[in-house]
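K.L.:
Take this structure first; my questions come after.
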């Protein structure tokens, strides 16, 4: 039996005990510590960096020698995915390696809608039982509802479990929350008379979760929050997480459990802010791409990891919150809108729902930028949709000094005759560079001829230096090291922006129209919110159109989720949008390879 050793993880202050030979990344994941692991722990991204403090450590691997610079190794930096426990140890986790408080976009452009929620309040005052009235509690409720012409009521065991005690402790007066449909009326819960009914809307992104607590009677958002998706510890992108889930049932369940735990924690925090109770959350709408949808529902994902990327279900679902583990009203349902196809899921349907405020006569392109970018072209009352693997570069991953949008991340770069000026999030000392920063930096480098349109460095340009005979551009002095842009960084941005641009170009080809025919370009998502559009146009992420045609709309998926939470009609409208979308699979498109190679140029 392998000996057990203790690991002290600072600055978290978490101490865990694991068997000798355990991989440090896996040990941290089992202990619930969210280390960034962009590649899922296979050793190609270098994002799970830790620093040796004291103890016994396994020898440096060849992968670490390739991913870490000699001076970093000399300072004790290691990769958690390569480090095996060989004795008691203490390690320090740098901020950029820890899923911590980071900037998460929750704002969006709300649109007024007619309120038509799927749940309704029904206040009752019931006669208490007596020696000559032995009707069951449910029978009393049923008869009260039947007098209001509701069909036969249905109540889950979880609802019945709390109903009897509630009625007796509230003098047989209650606000019954019901969810009527065509065939039956579901009892969601019983609340004090007059208690507000609340709903939860969630935009479940691959990297970030946006959560909204909404009053269903007024449509007002009472509280909202943005948190990191805890699944990042198991892979930056959904493909890495699918590979992790395919290891076994335990791994697939772990992905679902960690996600639900975070949603419950977020909901509880929002209820505390709004001074309400979790039991008042009687309805929920959750949107996400197809893989995130399947992770939440604990559905098989292996078939999503290989062509033709077929989901287990594409239709809209209404699932009991208790089945998912969400700790809201015992009979509440969670509505998940329809998926379109491939990785284009309900989150993009929610984005499309928000575009309905634009004139149907206009031609629109909606781009929701993220680790996985979804694009739709709306033209002549047709919808063409695709998904492109833009990768995690826009989150700072796979970038030499990359980090997420957290304090210390460079988000703006300006080059002039005086040199390089940078702006960081929180105006703190530079710690790294986030996605908007690296895009902005490359745009400036193109403007000042540091790079050519192929992405090749001008070695004679000011600010360019050689490191191991490879050119890099110095942005700023970091904490004990320079923050630089390397040729590999440039390549990562070329791949990411090329994927998005090729998706746009191929949808335009499918519709048979030029880019000039597009009236409005809708740019959504967290990255799209902070994106400098001039930089995006300069590097060729979008066709070179007038800036006034572009509209940055924030978290449109979150807005669409709230609309579906507040309106049954909007849910039906979303289903129709998904049905009428023509999905274009880029990887099998005959023009994809040529288009992608062309769009990689600046």
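K.L.:
Which of the following residues is closer than 14 Å to residue 501 by Cα, modelled with pLDDT under 95 and outside the structural domain of residue 435 (by TED's automatic domain parsing): 536, 524, 515, 556?
P.N.:
Among 536, 524, 515, 556, only 536 is closer than 14 Å to residue 501 by Cα, modelled with pLDDT under 95 and outside the structural domain of residue 435 (by TED's automatic domain parsing).
K.L.:
Any idea which of (1) surrounded by fewer than 22 Cβ atoms within 10 Å (Cβ to Cβ); (2) closer than 29 Å to residue 444 by Cβ; (3) in contact with a helix residue (DSSP H, G or I) (Cβ under 7 Å, 6 or more places away or on another chain) is the one residue 524 doesn't satisfy?
P.N.:
Failing condition for residue 524: (1).
K.L.:
List the strands (runs of 3 or more DSSP E) that sit entirely inside segment 276-341 and contain at least 1 residues that are under 18 Å from residue 231 (Cβ atoms) and outside the structural domain of residue 372 (by TED's automatic domain parsing).
P.N.:
281-288, 333-336
K.L.:
Go through (1) part of a strand (DSSP E or B); (2) assigned by TED's automatic domain parsing to the domain that holds residue 435; (3) over 22 Å from the mean Cα position of the chain (by Cα) and name the single condition residue 383 misses.
P.N.:
For residue 383, the failing item is (2).
K.L.:
So residue 374 ticks every box in (1) in the same structural domain as residue 549 (by TED's automatic domain parsing); (2) within 15 Å of the chain's Cα centre (by Cα); (3) not in a strand (DSSP E or B) but one. Which box is left unticked?
P.N.:
The number of the failed condition is (3).
K.L.:
Also, I was wondering about something else. Is it the case, given these coordinates, that residue 549 is touching a helix residue (DSSP H, G or I) at 6+ places or on another chain (Cβ under 8 Å), within 29 Å of residue 449 (Cα to Cα) and surrounded by fewer than 20 Cβ atoms within 10 Å (Cβ to Cβ)?
P.N.:
no
K.L.:
Let me ask you something else. Of everything in segment 414-455, what is in a loop (DSSP other than H, G, I, E, B) and over 24 Å from the mean Cα position of the chain (by Cα)? Give them in sequence order.
P.N.:
417, 418, 428, 429, 430, 448, 449, 450, 452, 453, 454, 455
K.L.:
Conditions: (1) surrounded by fewer than 17 Cβ atoms within 10 Å (Cβ to Cβ); (2) out of contact with any helix residue (DSSP H, G or I) (no Cβ under 7 Å at 6 or more places or on another chain); (3) without any contact (Cβ under 8 Å) to a residue 24 or more places away in the chain. Residue 215 meets all but one. Number of the miss?
P.N.:
In the conditions (1) surrounded by fewer than 17 Cβ atoms within 10 Å (Cβ to Cβ); (2) out of contact with any helix residue (DSSP H, G or I) (no Cβ under 7 Å at 6 or more places or on another chain); (3) without any contact (Cβ under 8 Å) to a residue 24 or more places away in the chain, residue 215 misses (1) alone.
K.L.:
Please determine, by comparing only the residues of segment 349-363 that are part of a helix (DSSP H, G or I) and at pLDDT below 90, which one is nearest to residue 112 (Cα to Cα).
P.N.:
Looking at the filtered set, the residue picked out is 357.
K.L.:
Return a yes/no flag: does segment 251-265 have any residue that is under 27 Å from residue 571 (Cα atoms), outside any helix (DSSP H, G or I) and at pLDDT 95 or above.
P.N.:
Scanning segment 251-265, I find no residue that is under 27 Å from residue 571 (Cα atoms), outside any helix (DSSP H, G or I) and at pLDDT 95 or above, so the answer is no.
K.L.:
If residue 529 meets every condition in (1) buried (at least 18 other Cβ atoms within 10 Å of the Cβ); (2) modelled with pLDDT of 95 or more apart from one, which number is that one?
P.N.:
Of everything listed in (1) buried (at least 18 other Cβ atoms within 10 Å of the Cβ); (2) modelled with pLDDT of 95 or more, residue 529 misses just condition (2).
K.L.:
Another question, if that's okay. Of the residues in segment 128-150, how many are surrounded by 16 or more Cβ atoms within 10 Å (Cβ to Cβ) and farther than 16 Å from residue 165 by Cα?
P.N.:
Summing the residues that are surrounded by 16 or more Cβ atoms within 10 Å (Cβ to Cβ) and farther than 16 Å from residue 165 by Cα in segment 128-150 gives 4.
Per-residue answers, yes or no, for (1) surrounded by 17 or more Cβ atoms within 10 Å (Cβ to Cβ); (2) assigned to a helix (DSSP H, G or I); (3) modelled with pLDDT of 90 or more; (4) in contact with a strand residue (DSSP E or B) (Cβ under 8 Å, 6 or more places away or on another chain):
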{"site": "163", "(1), (2), (3), (4)": "yes, yes, yes, yes"}
{"site": "174", "(1), (2), (3), (4)": "yes, no, yes, yes"}
{"site": "202", "(1), (2), (3), (4)": "yes, no, yes, yes"}
{"site": "222", "(1), (2), (3), (4)": "yes, no, yes, yes"}
{"site": "236", "(1), (2), (3), (4)": "yes, no, no, no"}
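K.L.:
So for segment 47-55 (the condition being outside any strand (DSSP E or B) and touching a strand residue (DSSP E or B) at 6+ places or on another chain (Cβ under 7 Å)), does at least one residue qualify?
P.N.:
Yes, segment 47-55 has at least one match.
K.L.:
Right, next: Filter segment 176-195 down to the residues that are surrounded by fewer than 21 Cβ atoms within 10 Å (Cβ to Cβ), modelled with pLDDT under 90 and either in contact with a helix residue (DSSP H, G or I) (Cβ under 8 Å, 6 or more places away or on another chain) or part of a loop (DSSP other than H, G, I, E, B) (or both) and list them by number.
P.N.:
181, 182, 183, 184
K.L.:
For segment 62-88, how many residues are surrounded by fewer than 17 Cβ atoms within 10 Å (Cβ to Cβ) and part of a loop (DSSP other than H, G, I, E, B)?
P.N.:
Number satisfying all stated conditions: 3.
K.L.:
Look through segment 482-529, keep the residues that are without any contact (Cβ under 8 Å) to a residue 40 or more places away in the chain, more than 25 Å from the chain's Cα centre (by Cα) and not in a strand (DSSP E or B), and return whichever of them is farthest from residue 559 (Cα to Cα).
P.N.:
487
K.L.:
Just name the residue that is nearest to residue 308 (Cα to Cα) out of those in segment 334-348 that are surrounded by fewer than 24 Cβ atoms within 10 Å (Cβ to Cβ) and modelled with pLDDT of 95 or more.
P.N.:
338
K.L.:
Scan segment 550-571 residue by residue and report those that are over 30 Å from residue 534 (Cβ atoms) and either more than 24 Å from the chain's Cα centre (by Cα) or assigned to a strand (DSSP E or B) (or both).
P.N.:
Across segment 550-571, the qualifying residues are 567, 568, 569.
The values are calculated or read from the model by the stated rules, or taken from the named source; none is laboratory data. Bear in mind the structure is a predicted one, so any value in this text is a computation, not a measurement. Note that we place each Cβ from the backbone using ideal geometry, even for glycine, and neighbour counts take in every protein chain shown.
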